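The values are calculated or read from the model by the stated rules, or taken from the named source; none is laboratory data. All of these numbers come straight from a predicted model, not from anything done at the bench. Cβ placement follows ideal geometry from the backbone for every residue including glycine, while neighbour counts extend to all protein chains displayed.
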Amino acid sequence: MIPLRLAFYALYVVLGAAIVVRVLAAGLRWEAFTGVVFGVLLAALGVYRMLQFVRRPERLQ
Amino acid sequence: MSQQRKPELRRAVTPWGSFAWGYSDVGADIFVGLGLVLAYAAGASNVAFLFAGIVYVLIGLAYTELAATYPVAGGGQFFVMRGLGDFFGFIAGWAVLLDFTIDVTLFAWSCVDYLSQLIPVFVSSQHAWVHFAVVLILICALCGLNVLGVRESTAFQSSVSAIDVLSETLILCFGFLFAFDPMLLVHTMQSAWPTPFALMQGVSLAIISFVGLESISQAAQETQRPASVIPRTSTALILTILIFALGYSNLALGMHPWHPLHDAHGHPMAFWQLFPNNGDNQGKGVALLAAQVPYWGLIAQYYVPILGAILLLISSNSGVFGSSRIAYAMSRARLLPSVFQHVHRRFRTPAVSILTFCALAIVELVFAALPGLDPGARWVYGKLFHGEDGITFLGDLYAFGAATSYSFVFIALIALRLKDPFSPRKFKMPLNIPMRVRGLRVEFPVIAVFGFIGIASILAFTLITHDIGRIAGPAWLAFGILCYVIYRRKKRLPVWRSQEHDWRSTQAEILRNAGELELMDEYLQNLRAAEAAGQGQGR
């Protein structure tokens, strides 16, 4: 179960990063701002949960 | 001894149950909010969600701090009463009560809208009486379920919440991978940017997508070790909901529908154009979007309406739970008559409150459905409210109640930081300025000021742009204040001032009942230290 959870959080990071890249494919425009925020938040959530897991695995129980 | 003790709400909600309770309420909001916001804010829907989302994060942080510090069933109402006194506590609680009863009706209504995606006879515009009857039956069924007890519904909510998180993530994955076009997003935002008035409408409706943190505070009294659990569950909830709201709104504006869409004249349509002036579609935004996601849409078009309907039904259930618990708490604080704190001897649930507020939800349902059921009523609504009815009627009031109560909660948070620095806070809003007030070291929460400005502006948007919210919302508050004045006079209690409260004993008892014994010791130690130094008398 543990590697599966880590893989899930890693998927968040990858997906968040992919969304930022995809949204910015239209160029650096203000219309892309909310999309970038969304992608960054998703990636940040993944990183946050992974760090939480690595540092204190019991918190995820 | 045991016979003299009044029955109390039992602590049956686990950490995951607490998250699921909040998620099933807030998580379902996007199912209602997406279509409504797309209908009004059009090309600026993602901006509307971002603005409301930022305010929501601030509200979430405030609730997290307060619910972890004061884990009682009253939620926002208790915090305001503790910080600002009985009268304002009543107003905040009364506004939350409006929200919860609207919650019951709005989500039951939207639940049937989602089912109409699979069962055409439920379509509101074509079979108004059938739609009305099904919503009515659902509300009555939820009423019965809640009279029976808490644990049963919590277990049900937990499993559906887990499935929904997975499902929403999959829809976003497939949507962004195979249907999203950033150039289309830019084009839609430029060509369909709304007027300032419509944008204000959109923002005020977007807050609907974030209402429900109250549920976590409501569940705090029934959560095991709430001071430790609530910050964890709230933080996870805030991030999850914000990500979904921003994801769905961006996807809806920038996606190429899998199956080409055409209007009545055969012209091609963008996805978001399904929603303006179409009440049926506004109630089932996520189901329509899921069906247009490539590949996964093949399955999603069948299961998302069902999953959405179940989640919305659970959210409606959260409304029944919330309204009954807050009435229970208000009654115990002598803001409402004592009949509302009657706990059923067998099921240990506040049965009278549940029955009363479900009846109120049915009255709201009648007002919302009336224009669809009777042409005469439609004419009257057209004259008075510019034709607002059904789901927009409910959405207006929902936004009004939420914005009013949240505004008071921010003020209460600031007041409590200054008045009660002794209560241990396991979680604090970030960015605090240390200062001394009447000889006490306190921390002023800067973020709460920004939060208040944000939610007050959303309240102003609601009053400016919504005809029904402008009239029915303040009318609800005026009616409540009248009842409050009559009740307090009859009981010979101060009307505008607060009755005597022993907040120190109350707080110690709250922490003891919550099982937070270390925090209780810390609280009592803080009090003793302050008394030894001659500070903080009478707080």
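Taking region B:504-532, which residues are in contact with a Lys or Arg (Cβ under 7 Å, 6 or more places away or on another chain) and exposed (fewer than 15 other Cβ atoms within 10 Å of the Cβ)?
none
Which one is surrounded by the most Cβ atoms within 10 Å (Cβ to Cβ) among residues in region A:16-31 that are facing chain B (nearest Cβ under 7 Å) and more than 12 Å from B:Gly247 (Cα to Cα)?
The selected residue is A:Glu31.
Under the condition of being in contact with a Gly (Cβ under 7 Å, 6 or more places away or on another chain) and over 16 Å from B:Ala530 (Cα atoms), which residue from region B:414-427 is surrounded by the most Cβ atoms within 10 Å (Cβ to Cβ)?
Filtering region B:414-427 for residues that are in contact with a Gly (Cβ under 7 Å, 6 or more places away or on another chain) and over 16 Å from B:Ala530 (Cα atoms), the one surrounded by the most Cβ atoms within 10 Å (Cβ to Cβ) comes out as B:Leu416.
Taking region B:107-152 as the region of interest, how many residues are surrounded by fewer than 21 Cβ atoms within 10 Å (Cβ to Cβ) and of a type outside the set (A, V, I, L, M, F, W, C)?
Total satisfying the criteria: 8.
Outside any helix (DSSP H, G or I), away from chain A (no Cβ under 12 Å) and among the aromatic types (Phe, Trp, Tyr): is that true of B:Trp258 in this structure? Before the answer, list the steps.
Numbers: outside any helix (DSSP H, G or I): yes; away from chain A (no Cβ under 12 Å): yes; among the aromatic types (Phe, Trp, Tyr): yes.
Here the answer is yes, as B:Trp258 does meet what is asked.
Filter region B:210-229 down to the residues that are within 14 Å of another protein chain (Cβ to nearest Cβ) and either modelled with pLDDT of 80 or more or at positive phi (or both) and list them by number.
Scanning region B:210-229 gives a single hit, B:Arg225.
Within region B:190-205, how many residues turn out to be touching a Gly at 6+ places or on another chain (Cβ under 6 Å) and either within 14 Å of chain A (Cβ to nearest Cβ) or more than 20 Å from B:Leu251 (Cβ to Cβ) (or both)?
Keep residues of region B:190-205 that are touching a Gly at 6+ places or on another chain (Cβ under 6 Å), which gives B:192-193, B:205.
With the extra rule that they be either within 14 Å of chain A (Cβ to nearest Cβ) or more than 20 Å from B:Leu251 (Cβ to Cβ) (or both), the set shrinks to B:192-193.
So the count comes out to 2.
Kindly indicate the residue of region B:347-380 that is of a type in the set (Phe, Trp, Tyr) and touching a Phe, Trp or Tyr at 6+ places or on another chain (Cβ under 8 Å) and also surrounded by the fewest Cβ atoms within 10 Å (Cβ to Cβ) among those meeting that condition.
B:Phe367
So which pairs qualify, if the first residue must be in region B:30-57 and closer than 11 Å to B:Val211 by Cα and within 14 Å of chain A (Cβ to nearest Cβ), the second must be of a type in the set (Gly, Ala, Ser) and part of a helix (DSSP H, G or I), the Cβ gap must be under 7 Å, and the two must be at least 6 apart or on different chains?
Every condition considered, the pairs that remain are B:Ile30/B:Ser209; B:Ile30/B:Ala245; B:Ala52/B:Ala206; B:Ala52/B:Ser209; B:Gly53/B:Ala245.
Could you run through region B:60-92 and say how many residues are part of a helix (DSSP H, G or I), surrounded by 24 or more Cβ atoms within 10 Å (Cβ to Cβ) and of a type in the set (A, V, I, L, M)?
Final tally of qualifying residues: 8.
In region B:230-244, which residues are at the interface with another protein chain (Cβ under 9 Å from one of its Cβ atoms) and either under 15 Å from the mean Cα position of the chain (by Cα) or on the phi > 0 side of the Ramachandran plot (or both)?
B:Leu242
Considering only residues that are touching a helix residue (DSSP H, G or I) at 6+ places or on another chain (Cβ under 8 Å) and aliphatic (A, V, I, L, M), which ones fall in region B:472-492?
B:Ala472, B:Leu477, B:Ile481
Can you find even one residue in region A:47-59 that is at pLDDT 85 or above and either under 21 Å from B:Asp181 (Cα atoms) or more than 10 Å from chain B (Cβ to nearest Cβ) (or both)?
Within region A:47-59, the subset at pLDDT 85 or above is A:47.
Okay, now just the ones that are also either under 21 Å from B:Asp181 (Cα atoms) or more than 10 Å from chain B (Cβ to nearest Cβ) (or both), so A:47.
Yes - at least one qualifying residue is present in region A:47-59.
Looking only at region B:132-189, count every residue that is of a type in the set (Asp, Glu) and more than 14 Å from chain A (Cβ to nearest Cβ) and tell me the total.
Initial filter on region B:132-189 (of a type in the set (Asp, Glu)): B:152, B:164, B:168, B:181.
With more than 14 Å from chain A (Cβ to nearest Cβ) added as a condition, the list becomes B:152, B:164.
Residues meeting the conditions: 2.
Hey, any hits in region B:93-115 for a residue that's over 25 Å from B:Ala329 (Cα atoms), without any contact (Cβ under 8 Å) to a residue 24 or more places away in the chain and part of a helix (DSSP H, G or I)?
No, the conditions are met nowhere in region B:93-115.
Is there a residue in region B:289-312 that is touching an Asp or Glu at 6+ places or on another chain (Cβ under 8 Å), assigned to a helix (DSSP H, G or I) and assigned by TED's automatic domain parsing to the domain that holds B:Pro494? Reasoning before the result, please.
Residues of region B:289-312 that are touching an Asp or Glu at 6+ places or on another chain (Cβ under 8 Å), as a first pass: B:307, B:311.
The next check asks that each one be assigned to a helix (DSSP H, G or I); those that pass are B:307, B:311.
Applying the additional criterion that residues be assigned by TED's automatic domain parsing to the domain that holds B:Pro494 yields B:307, B:311.
Among the residues of region B:289-312, at least one is touching an Asp or Glu at 6+ places or on another chain (Cβ under 8 Å), assigned to a helix (DSSP H, G or I) and assigned by TED's automatic domain parsing to the domain that holds B:Pro494, which makes the answer yes.
Which pairs have Cβ atoms under 9 Å, sit 6 or more apart or on different chains, and link a residue in region B:497-512 that is touching a residue at least 24 places away in the same chain (Cβ under 8 Å) and within 10 Å of B:Tyr70 (Cα to Cα) to one that is in a loop (DSSP other than H, G, I, E, B) and of a type in the set (S, T, N, Q)?
B:Gln507/B:Ser423; B:Ile510/B:Gln221; B:Leu511/B:Ser423
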